[in-house]
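Heads up: the structure comes next, in structure tokens.
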Amino acid sequence: MNATPALDTPSQLLSPEALKEMYWLMLLARRTDERAWVLHRQGKIAFHISGMGHEAVQVGAACAIHRGVDYVHPYYRDLALVLALGVTPRDFMFSLFGKRGELSSGARQMPSHWSARKYNLVSSSSVVATQVPQAAGLAFAIKYKRDHGLIQADDFSQPRCAITCLGEGSTSQGEWHEGMNWAGVHDLPLICIVQNNNYAISVPFEKQMNIRSVADRANAYGVHGITVNGSDVLAMYDAMKAAVHRAYRGEGATLIEAKCHRLTPHSSDDDDRTYRSREELEEAKRFDPIMSFAQVLLGRGVMSTAEQQEFEAKAMEIVNTAHREAESAPYPDEHTIYDHIYAPINHESGR
Amino acid sequence: MADKVLPMREALRNALREEMIRDERVYVMGQEVGAWDGTHKVTRGFLEEFGARRVRDTPISEMVIAGAAVGSAMAGLRPVAEIMTINFAFVGMDAIINHMAKVRYMFNGQFKVPMVLRCATGWGNQATATHSHTPEPIFAHFPGLYVGMPSNARDAKGMLKAAIRDDNPVLFSEVIALYPKPGPVPEDPDFVLPIGKGDIKRPGKDVTIVSFGRGVEWSLDAAAALEKEGVDCEVVDVRWLRPLDTALIFESFKKTNRCVVVEESLPYYSFGSEIAAQIQEHMFDYMDAPVKRVSAMDVPLPYARDIELMALPNVQKVIAAVKEVI
């Protein structure tokens, strides 16, 4: 993960295998996500919140960082992002069903609130935008450690930037502004990805802010801001790669506004027919990032139709197995309910 | 005028609608209150009936929802602001605690803040730790605020109307699980239940069960079960955590000499703690048993269905507590 020479479109350097992996991750996220909706409608799980339509943003971003090492502080739509880091559909199914051994929290957290220390993946709240000051804090720790010689700038085993994601709706929260401002003041290696799908649950963009682009706000914080087509995984990768280089070189924070489409209601708890026309949704589906990336790869001869079908079959098999295992797994042991509220007793401090 | 059987959601809607018709200064704002009819459908049809001037969809911005409500109330309006769930009120805490509650006092009474902050509340349905609070006792801690939480449709209507008409700031909590529960509701547009008045939901002579909100339902179910075993429970619904109807609680306690407190909130520094303290301070000579508290367990609420249910209060826990004091 060394810094590559400046290039406007580093995606041109991606190997066929790397491109196919990107497609695979997007597809796997979509099929996993679709299964979650089915399980909810069957009454088997309590809740689902979807990332369908956001896969290109997330996979483009994940593939541009040092995966599993750089900090990622995600939000609830980031299924494709966390699958790219190493979380599996089985892990996700265990969280949907709230079963024993669940990866993120031992089944204490809601599904889609991912965390895994082994991937430097940080747990988030159901209250939106709270991750932004925390991610700025992660970035601050990176800078602090570098400045004090606690880690070397070229030590690639250490996180060198912090990524956080949120929807454009969450940028109306004070915490977003406060976190971004602080990242700007200290030139922190923070990359904030605003996945702008045009809706804060039911409230459309024009009722959320009186500007055309969230990225316009970057100037106010003294951070670099750009807007990218979030339905194009390679455009997202290129934008992200530039942001990562800035962070790695100590050049400060970046705000990426990735414009995309939410292909589902906000969550399993709402019906978007009451606030969004079907015509608008049909139009959004034309920009489905997975279908359009498949066309790119097929067109370039990077992926064959047979390979595409193999990916489909493999994704279904993985999702089916994960679903089966999670559904039949036991619930957490009731005796664990008090575990981890506090650290164990520390005899030195007398507690 | 007669009563009509309505779910609590519709009782609240009628209360709000009647007050908006009655007083042009009353308006609603919050996330999803307009185009989506309110997250919990309390404001269904309001955008059409009252227009976007009085039914304002806001960004996801609790500090603005609460803070701008304070400002507009100081300037003479009577906002009914909605926080989608009370968990998100924590994001607007400075506006609520430092301003909504204290403006009148800090200005020596020169400004009033006649606003209502409606919050959906309650644990359950696997919404987990950052999404499942019932934290009303925290708000009731602060002088300057009134805090109410109805346990049924009728009370919901009368209490909300009182809150809107009052010149004090009111945090009004509505238990999500109770929204669909039907009950008889007066159609009289001037049906108002006074702030700070509790209600005996079931008379009895052996044990006083003090509760509010969803805990009232558990208490009544427990009382029905215990009646078959010859135990006669009196269920006191305080309705308001602040002002607290201590007179009603004491009157009941003088009769029963035993008390169980039932709440959905957490046990430390809680409603139960306050009631127990009030009783031992003022009713010591009448006490025949320690006050017993039933609450959620002292944990952040977990997701997995088995341990979530274990952490919550229920009818069986109330029955067990009553049996410990008799």
Counting DSSP beta bridges with both ends in the protein assembly as shown, the antiparallel % (nearest 5): 20
Kirkwood hydrodynamic radius over Cα pairs of chain A, then Stokes diffusion coefficient at 25 °C and 0.890 mPa s, in µm²/s: 117
Filtered trypsin sites (Lys or Arg not before Pro), segment B:173-256: DSSP coil and at most 13 other beta carbons within 10 Å: B:Lys205, B:Lys228
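Would you mind working out the magnitude of the charge dipole of segment B:199-325 relative to its Cα centre, with +1 at each Lys and Arg C-beta and -1 at each Asp and Glu C-beta, to the nearest 20 Debye?
With Lys and Arg at +1 and Asp and Glu at -1, about 60 debye.
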Candidates per GluC sites (Glu not before Pro) in segment B:81-189, loop by DSSP, up to 15 other Cβ within 10 Å: B:Glu187
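Counting other beta carbons within 10 Å of each Cβ, put A:Phe156, A:Phe287 in order, fewest first. Don't skip to the answer; put the middle values down first.
Working: A:Phe156 13, A:Phe287 18.
Lowest to highest Cβ neighbour count: A:Phe156, A:Phe287.
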Sites A:Asn320 and B:Ile200 - FRET efficiency at Förster radius 41 Å, r taken between beta-carbons, to 0.05: 0.10
Rounded to 5, the percent of DSSP beta bridges in segment B:199-325 classed as antiparallel: 20
Charge dipole (debye, nearest 20) of the protein assembly as shown; +1 at Cβ of Lys and Arg, -1 at Cβ of Asp and Glu: 320
Cross-link pairs beyond the 28 Å C-alpha cut-off, checked among A:Lys99/A:Lys207; B:Lys41/B:Lys317; A:Lys20/A:Lys118; A:Lys99/B:Lys292: A:Lys99/A:Lys207; B:Lys41/B:Lys317; A:Lys99/B:Lys292
Loop-resident sites, segment B:79-156, for chymotrypsin sites (Phe, Trp or Tyr not before Pro), counting at most 16 other Cβ within 10 Å (DSSP): B:Phe107, B:Phe111
Structure-based [θ]222 nm, chain A - -39500 (n - 2.57) summed over DSSP H runs of at least 4, per residue, nearest 500: -13000 deg cm²/dmol
Euclidean distance of C-alpha centroids, segment B:152-200 and segment A:122-162, integer Å: 48
Antiparallel DSSP beta bridges within chain B, percent to nearest 5: 25
Most positive-pole-ward Cα, B:Gly204, B:Leu226, B:Val192, against dipole of segment B:119-241 from beta carbon charges: B:Val192
Charge dipole of chain B about the Cα centre (unit charges at C-beta), most positive-ward option of B:Phe88, B:Val116, B:Val28: B:Val28
Rel. contact order, % - alpha carbon contacts under 8 angstrom, at least six apart, segment B:199-325: 28
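None of the figures in this text is laboratory data; all of them are computed from the coordinates on show. Everything numeric here is computed off the predicted structure, so don't read it as measured data. Heads up, the Cβs are rebuilt from the backbone with ideal geometry, glycines too, and the neighbour counts pull from every protein chain shown.
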